[in-house]
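> Structure incoming, see below.
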Amino acid sequence: MDEREWLGARFEENRGHLRAVAYRMLGSAAEAEDAVQEAWLRLSRTDAGRVENLGGWLTTVVGRVCLDMLRSRVSRREDPLDQSPADQNPGTPLGAPDRDEVSDPEQQVVLADSVGLALLVVLETLDPAERLAFVLHDMFGVPFDEIAPIVERTPAAARQLASRARRRVRGASPAPDTDLARRREVVDAFLTAARGGNFDALVAVLAPDVTSRTDAPGLDTTPLVRDARTVARNAAAFAQLARFAQTALIDGSPGVVTAHEGEWLRIMTFRIERDLITEIEIITDPERIRLLDIALLGD
């Protein structure tokens, strides 16, 4: 296998991921394939031996290409094009699908179902930089340090772009203050009961079939619990730890955080329906925590 064949094989390993990124950015299977093809062209002109993380490099390149395409679309006030430069460009990857395959209605449906038409509609309302920050970070876990150069912002500004996009995606507009306040009341009630080891008060804010999940190794809890009384007993058992916890907005929703010497140690996120907690996730993995948008709430 010569160098070009090896590079083509490595590119094909990443093709599905790159197409998924591009489709969520552009909302068009044909344009997504154009962006993937452009990534191949740029890779073929690059000294791949100097690229330490090929998958990350390709994701960044596709992000840049999509951002340029979105900005061009906005400036011309045009819908996605039916044809693209890839139709005339002979530099396509090894094994690349042809245009008829990309435009096949069945494939369009499969791609749309994988993302959700409702989400695509909301994504169309975001400006290009917001859309890129949200898609790369929230959907594919790309760190803000890597997103920042693409959108020509600081990592903090890139985080804010994703945060604004996230609020709009969650309901096409920010959640009403009254709803946010009510959800915080439920989380506050849970934390107060946990601090006091109050079993009955904990059960009162939990749905009967509440689900609790943790990624923490070595705890005296099972990774997945589906019972209010068991969840309440586990929470009460950590009353001492709960005394050092605080309420916070985690990716825009009320949750609970525990820190030590400025480092986040434990994050609890909640799903709340009809004033009852239906899902709890306990996150301790530092890499996962690093991807969260966390803002402490005052008393």
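> How much solvent-accessible surface does ARG15 expose, in Å² to the nearest 10, with a 1.4 Å probe and all protein chains in place?
Rounded to the nearest 10, the figure is 20 Å².
> Continuing with this model, one more query. Solvent-accessible area of ASP285, probe 1.4 Å, all protein chains present, reported in Å² to the nearest ten, please.
Rounded to the nearest 10, that gives 60 Å².
> Just reorder ASP2, ASP200, ASP138 by solvent-accessible area, largest first, 1.4 Å probe, all chains present. Before the final figure, lay out each step's value.
Numbers: ASP2 85, ASP200 110, ASP138 60 Å².
Per-residue accessible area, sorted high to low, gives ASP200, ASP2, ASP138.
> Additional query: Keeping all protein chains in place and using 1.4 angstrom, which order do THR125, THR59, THR284 fall into by accessible surface area, from largest down? Can you show the working numbers first?
Numbers: THR125 80, THR59 10, THR284 40 Å².
These residues rank, largest area first, as THR125, THR284, THR59.
> Under 1.5 on a/c is rounded, so check that first for the range 228-281, then, if it is not, pick prolate when a/b is larger than b/c and oblate when it is not; a ≥ b ≥ c are the square roots of the alpha carbon gyration tensor eigenvalues.
Numbers: a/c = 2.66, a/b = 1.21, b/c = 2.20.
Taking the square roots of the gyration eigenvalues as a ≥ b ≥ c, the range 228-281 is oblate.
> Let me ask you something else. Convert each backbone phi in the range 250-266 into a coupling constant with the Karplus relation 6.51 cos²θ - 1.76 cosθ + 1.60 (shift: θ = phi - 60°), then list the ³J(HN,Hα) values in order as whole Hz, x for Gly and Pro.
10, 6, x, 10, x, x, 10, 10, 10, 10, 9, 6, x, 10, 6, 9, 8
> Roll a 1.4 Å probe over the protein heavy atoms and report the accessible area of ARG229 in Å², nearest 10.
130
The values are calculated or read from the model by the stated rules, or taken from the named source; none is laboratory data. Not measured: the values here are computed from a predicted model. Surface accessibility is based on the protein's heavy atoms, side chains included, excluding ligands, DNA and RNA. Shrake-Rupley method; radii C 1.70, N 1.55, O 1.52, S 1.80 Å.
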